Amino acid sequence: MFRVIAKREFLHNLYSLRFLISLALVIAVFSAGAVSFVRVAAASLEKHRETRGQFLETMRGLAEQNATELAVRKQTFSLSPRANAFIDDAKEKYLPNAIVFSAWNVFSFQNKSGTANPFLQRYDELSWTFIAALIVSFMALLFTFDAISGEKEAKTLALCLANSVSRATLLVGKLASAVLSVMAIVVAGTLTGLIIVLVLGPGGVSPALLGEVLGFLAVTALLASTFAAFGLLASVVAPNSNVSLLLALAFWLAFAVIVPNSSTFVAKRFYPIESSETIQKNVTAAFDDLNKSAPPGSWSMNTGDPFLPLHELRANLQMKRLQAEKGIRDAYYQTMFRQFERTRLATAISPVSLFEYLTEAVTGGGYLRFRKAWGDMHVYQAQFLSFFKALDAADKGSPHWYNPNENVSTTRRPVAFEKIPQFEERPPAFEDRAGPAVRYLVINIFMAGAVFFLTFILFVRYDVR
């Protein structure tokens, strides 16, 4: 009986005007997004190749001078454009995409927008996730807001329940048909977009990409199920279809617009952290304390003889300053990460926010990608420092007084560029993606189940007359 009801409702949706309009809209938007991605991706990839070439050329020039110059010079590593960003751009243009480092420390992160006009910095790409978050959520409500109230007004609900059909079966059938209708439209849109990207873009089909596409469809089905449950709830609560439409729109505005865009307010109001100006003042105060307690002559400088004792004093002071600043700033970065993660949990009351966090895990982008690169850079920095210290130890003409900021008291020998360890960004592995995703997946499934259960309880007592 469940299959009969689901099939009947699905066929009813399939030949409805709302289905045809939704199908045309989704295919058009997915096509536009795919064409836009191909054009932007080509320019972004070319820009990154240029930036990467300049980065390597700078490193080569420093190595030709001497190993110490290579070790102490701050360099900036830029993350590459993602080939799967057409699935989910993960708002990466607003996240850090460059990391500043030397052999002695990972100093900070930066955001490079890549646009010359600052007035054009804030805009959303038509990624699959962006389209689904706005359109799919609305379509799921569109197919369910009058599923109960509309049939009651048409006098067909009582007739249907007069047969040997339980209310639970009817409700599950309507939910399933709505999800199937929405997913049929989404599959058509994703296939269209994927074909355009593969035909016009430089990349091909890989097993990883196919897995990410299937993962996107799975979490989109969960998004559709959640909003379809909210649509059924509105249809059961409201006395007629007009009121249920207003309730459905209220759900959509709250969960697709208001909550996902309230993260800044939530962070500042409930999880405040110190400003960057305060952190800089703390660093300056720590430097002042070190300067006051430093032995006389610690700031003296003589580049003629690297074995002068004053160079050891200067190196010790510079190392203490580096360690003090590193401790303050690393603690501040961890506070920033915690604020971001707590804010995400607070906004997880929205199915759209949950959907965005899940697609980020599916594609390995966004915050998940940055944290992976940030951690990997710290591992690389330790390897880079060990490499430099080994070079310095092999140079008998070096006094071996480690100064992290200046080319004074360590080896002056050049180093072959080919021997220098290079940092390569690695995409998050499956376990890196699955860990954060499980939490949001459980929350989403619980939310959808709770809303549907509440709808069922109300429908049991629903007057079908």
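Quick look at the values:
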read-out	value
Cross-chain or 6+ apart pairs with Cβ under 7 Å, the stretch 331-344 first and of a type in the set (A, V, I, L, M), then surrounded by fewer than 17 Cβ atoms within 10 Å (Cβ to Cβ)	M336/I273
Qualifying position, being part of a helix (DSSP H, G or I) and touching a Lys or Arg at 6+ places or on another chain (Cβ under 6 Å), among A348, A361	A361
Failed item in (1) β-branched (V, I, T); (2) without any contact (Cβ under 8 Å) to a residue 60 or more places away in the chain; (3) open to solvent by less than 30 Å² (accessible area, probe 1.4 Å), with V266 passing the rest	(2)
Breaking point among (1) open to solvent by 50 Å² or more (accessible area, probe 1.4 Å); (2) of a type outside the set (D, E, K, R); (3) under 30 Å from T411 (Cβ atoms); (4) not in a helix (DSSP H, G or I), for I273	(3)
For Q381: the one exception among (1) in a helix (DSSP H, G or I); (2) at pLDDT below 95	(2)
Candidates R52, R60, R82, filtered to the one that is open to solvent by 60 Å² or more (accessible area, probe 1.4 Å) and either modelled with pLDDT of 90 or more or among the charged types (D, E, K, R) (or both)	R60
From the options T359, T411, residue that is over 27 Å from V283 (Cα atoms) and touching a His at 6+ places or on another chain (Cβ under 9 Å)	T411
Unmet criterion (only one of (1) over 28 Å from the mean Cα position of the chain (by Cα); (2) modelled with pLDDT under 90) for S235	(2)
Close pairs (8 angstrom Cβ cut-off, 6 or more residues apart or separate chains): without any contact (Cβ under 8 Å) to a residue 60 or more places away in the chain in the stretch 171-199, open to solvent by 10 Å² or more (accessible area, probe 1.4 Å) and of a type in the set (V, I, T) anywhere	L198/V205
Some residue of the stretch 186-197 being open to solvent by 20 Å² or more (accessible area, probe 1.4 Å), assigned to a helix (DSSP H, G or I) and within 19 Å of V451 (Cα to Cα)	no
Which listed residue is β-branched (V, I, T) and either open to solvent by less than 50 Å² (accessible area, probe 1.4 Å) or touching an Asp or Glu at 6+ places or on another chain (Cβ under 8 Å) (or both), from V460, V415, V438, V442	V415
Selected residue [touching a Pro at 6+ places or on another chain (Cβ under 9 Å), touching a residue at least 24 places away in the same chain (Cβ under 8 Å) and surrounded by 21 or more Cβ atoms within 10 Å (Cβ to Cβ)] from A234, A224, A256	A256
Counted residues, the stretch 198-219 - those being within 14 Å of A361 (Cβ to Cβ) and open to solvent by less than 50 Å² (accessible area, probe 1.4 Å)	5
Identity of the residue in the stretch 420-435, small (G, A, S) and either in contact with a strand residue (DSSP E or B) (Cβ under 6 Å, 6 or more places away or on another chain) or without any contact (Cβ under 8 Å) to a residue 40 or more places away in the chain (or both), that ends up surrounded by the fewest Cβ atoms within 10 Å (Cβ to Cβ)	A429
Contacts under 9 angstrom Cβ, first residue in the stretch 278-291 being farther than 19 Å from A315 by Cα, partner basic (K, R) and in a helix (DSSP H, G or I), 6 or more apart	I279/R329
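Table: residues versus (1) open to solvent by 40 Å² or more (accessible area, probe 1.4 Å); (2) at pLDDT below 95; (3) among the basic types (K, R); (4) within 14 Å of the chain's Cα centre (by Cα).
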site: R329; (1), (2), (3), (4): yes, no, yes, no
site: Y332; (1), (2), (3), (4): no, no, no, no
site: R338; (1), (2), (3), (4): yes, no, yes, no
site: R344; (1), (2), (3), (4): no, yes, yes, yes
site: F355; (1), (2), (3), (4): no, no, no, yes
site: T359; (1), (2), (3), (4): no, no, no, yes
site: G366; (1), (2), (3), (4): no, yes, no, yes
site: G375; (1), (2), (3), (4): no, no, no, no
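The values are calculated or read from the model by the stated rules, or taken from the named source; none is laboratory data. Being a predicted model, the structure only gives us computed values, none of them experimental. Cβ atoms come from the backbone with ideal geometry, glycine included; neighbour counts cover every protein chain shown. Areas reflect the complete protein model, heavy atoms only, side chains present, ligands, DNA and RNA absent. Shrake-Rupley method; radii C 1.70, N 1.55, O 1.52, S 1.80 Å.
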